[in-house]
Amino acid sequence: MTADESGDANVLRSKRDATRYQILVQIAERQPAVSQQEVADAIGITSQAVSDYLQDLIKQGFVRKHGRGRYEVTKEGVDWLISHTSRLEEYVTHVSEEVIGQVEIETALATSDIEEGQAVSLSMHDGTLQATPGTTGSATAVAVTDATAGTDVGVTDFEGVLDYELGDVTIVSLPRVDNGGSRAADTDRVADLAADADLLAVAGTEALAAARAADCEPDLRFGTAEAVREAATRGQDVLLLVVETDLAGHTDRLREDNVSYEIVDAAE
């Protein structure tokens, strides 16, 4: 369905029409005694802007003025409101049923061939949701697409609870370069910690240098505050090398999702 077919009314595509719509609604609610300042406050524009729009609406025959501060929405104005309201209602229905409804479909990797409509069990492996034919797992769903083993499959109608544990995050905080930078880290210790983790993330040039000095190539280099949090919530254990000035931003994100973390000394 195209935007026009779904009722994407001009009132949404045009800022001017959207403002006219809001002003007409406000007048209809307050008429006949209408305070331009109250209308302005209600929709977040200036009183002068309301005055300018009112003049235009009067010229178009959508509003009738009966005297100072007394306005009335005309039949033509009501018809314009009804027309655009109907389109808005159609658009809201389209969004709620055909757009937002699609969010209920998750994507998983098929562990074997799956047919549309088949019941599947869900599990988390290597941070990826997986679907297996049958209902033996603690969480089940129904496939909405066909899939061969190793390919993506859409699933919906979830039941049960996905059984997996959050990952742990180990954090090595490094000083800025003027206080030692990567040279403050014990490369052997960094290498051992990285070997025990599913993913290695670095935040800052000093952190990248420390990882490479330990002969480790990071899996995550950018947007690490969100990426580390996301990986841990998907069951991945992460080693994070981070410059001390960026530490709080990462730990704050982890605490928001109750992800456990441990800060260790890089020089041990």
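Overview of values
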| quantity | calculated |
| --- | --- |
| Selection from I114, I27, V144, by position along the positive dipole direction of the chain (Cβ) | I27 |
| Spin-label pair A33/S47, simplified geometry with 7 Å Cα→Cβ offset, distance in nm | 1.7 |
| Percent carbon-and-sulfur accessible area, the stretch 106-160, ignoring ligands, DNA and RNA, probe 1.4 Å | 45 |
| Rg(Cα) / (2.2 N^0.38 Å) computed for the stretch 15-99, rounded to two decimals | 1.16 |
| Relative intensity, log₁₀ I(q)/I(0), of the stretch 106-160 from a Debye sum that treats every alpha carbon as a point, q = 0.18, 0.23, 0.27, 0.29 Å⁻¹ | -0.43, -0.72, -1.01, -1.18 |
| Positive-end extreme of charge dipole, the chain - chosen from L200, I58, L240 (charges on Cβ) | I58 |
| Coordinate range along principal axes, alpha carbons of the stretch 169-264, Å, largest first | 32, 25, 21 |
| Cα pair distances in the stretch 108-216, grouped into 10 Å bins until the bin that holds the longest one, percent each | 14, 31, 15, 18, 17, 4, 0 |
| Rh (Kirkwood; distinct C-alpha pairs) - the chain, Å | 23.8 |
| Nearest-20 debye value, the stretch 106-160 charge dipole, Cβ charges on Lys, Arg, Asp, Glu | 160 |
| Dipole of the chain, positive end: most advanced residue of L162, I82, P175 [Cβ charges, Cα centre] | I82 |
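The values are calculated or read from the model by the stated rules, or taken from the named source; none is laboratory data. As the structure is a computational prediction, the values presented were derived from the model and not from experiment. Backbone-built Cβ (ideal geometry, glycine too); neighbour counts: all protein chains shown. Surface areas here come from the heavy atoms of the whole protein model, side chains and all, with no ligands, DNA or RNA. Shrake-Rupley method; radii C 1.70, N 1.55, O 1.52, S 1.80 Å.
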